[in-house]
Amino acid sequence: AAPQRTAGFVGFGRIAHATLARLVPFGVQRVLYASNPATPADPARDAAHARRFGVREVRRAPLAELARESDVVFVLAPGGAATQHVIDEAFLRAMKPTAVLVNTSRGTLVDSDALARALREGWLYGAGLDVVEGEPKVGADHPLVTAPR
């Protein structure tokens, strides 16, 4: 049997749902997400999402658990002061060495220096980045530009 993969989402809105729908055929059966702390948890809604996507579990989780348990983490939260460096050194150190971080939302959500170090030292397997901190002013000396491919 294929391994049951866990996808983690930092932000669980419309784009996260569309992403999840595309991940299910690749063996994702468990979904952990972190969302706006002001929004109350809703286990009934989570169960409805699990049925809708055809996965075993959808559950809101603390960031530390999401980092520790996920095979892939998608950063899909809005930018701003409240989410600045939500993916920090502690989060990256907690990730599995086989995990991948994907950021397609805002560069400010991920601490670039910590991510460059994490990749260099093998705390996680890799990162897929559509955005980086400081863009569009990202020079050739940026730690993620100089990181090994």
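Odds and ends about this structure:
- Number of residues in the stretch 52-87 that are more than 14 Å from Gly8 (Cα to Cα), surrounded by 16 or more Cβ atoms within 10 Å (Cβ to Cβ) and of a type outside the set (Val, Ile, Thr) equals 1.
The rows are residues; the columns are (1) out of contact with any strand residue (DSSP E or B) (no Cβ under 9 Å at 6 or more places or on another chain); (2) closer than 28 Å to Gln4 by Cα; (3) not in a helix (DSSP H, G or I).
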{"position": "Pro78", "(1), (2), (3)": "yes, no, yes"}
{"position": "Ala82", "(1), (2), (3)": "yes, no, no"}
{"position": "Leu115", "(1), (2), (3)": "no, yes, no"}
{"position": "Ala127", "(1), (2), (3)": "no, yes, yes"}
{"position": "Pro136", "(1), (2), (3)": "yes, no, yes"}
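- Of all residues in the stretch 97-126, those that are open to solvent by less than 10 Å² (accessible area, probe 1.4 Å) have Cβ atoms under 8 Å from Cβ atoms of residues that are part of a strand (DSSP E or B) and small (Gly, Ala, Ser), 6 or more apart or on another chain, in Leu101/Gly126; Leu101/Ala127; Leu101/Gly128; Asn103/Ala127; Asn103/Gly128; Leu115/Ala127.
Residues checked against (1) open to solvent by less than 60 Å² (accessible area, probe 1.4 Å); (2) free of Cβ contacts under 8 Å to residues at least 60 places away in the same chain; (3) part of a helix (DSSP H, G or I); (4) not hydrophobic (A, V, I, L, M, F, W, C):
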residue	(1), (2), (3), (4)
Gly8	yes, no, no, yes
Phe12	yes, no, no, no
Leu23	yes, yes, yes, no
Asn36	no, yes, no, yes
Thr39	yes, yes, no, yes
Ala50	yes, yes, yes, no
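- Among the numbered conditions (1) under 21 Å from Gln29 (Cβ atoms); (2) within 12 Å of the chain's Cα centre (by Cα); (3) outside any helix (DSSP H, G or I); (4) not β-branched (Val, Ile, Thr), the only one that Lys96 does not meet is (2).
- The lone exception for Arg56 - which of (1) within 27 Å of Asp141 (Cβ to Cβ); (2) touching a residue at least 40 places away in the same chain (Cβ under 8 Å) it fails: (1)
- Qualifying residue in the stretch 66-76 (condition: among the acidic types (Asp, Glu) and either on the phi > 0 side of the Ramachandran plot or touching a residue at least 60 places away in the same chain (Cβ under 8 Å) (or both)): yes
The values are calculated or read from the model by the stated rules, or taken from the named source; none is laboratory data. No experiment lies behind these values; they were computed from the predicted model shown. Ideal geometry is used to build each Cβ from the backbone, glycine not excepted, and the neighbour counts take in all protein chains shown. Accessible surface is based on the protein model in full, side chains and every heavy atom, while ligands, DNA and RNA are left aside. Shrake-Rupley method; radii C 1.70, N 1.55, O 1.52, S 1.80 Å.
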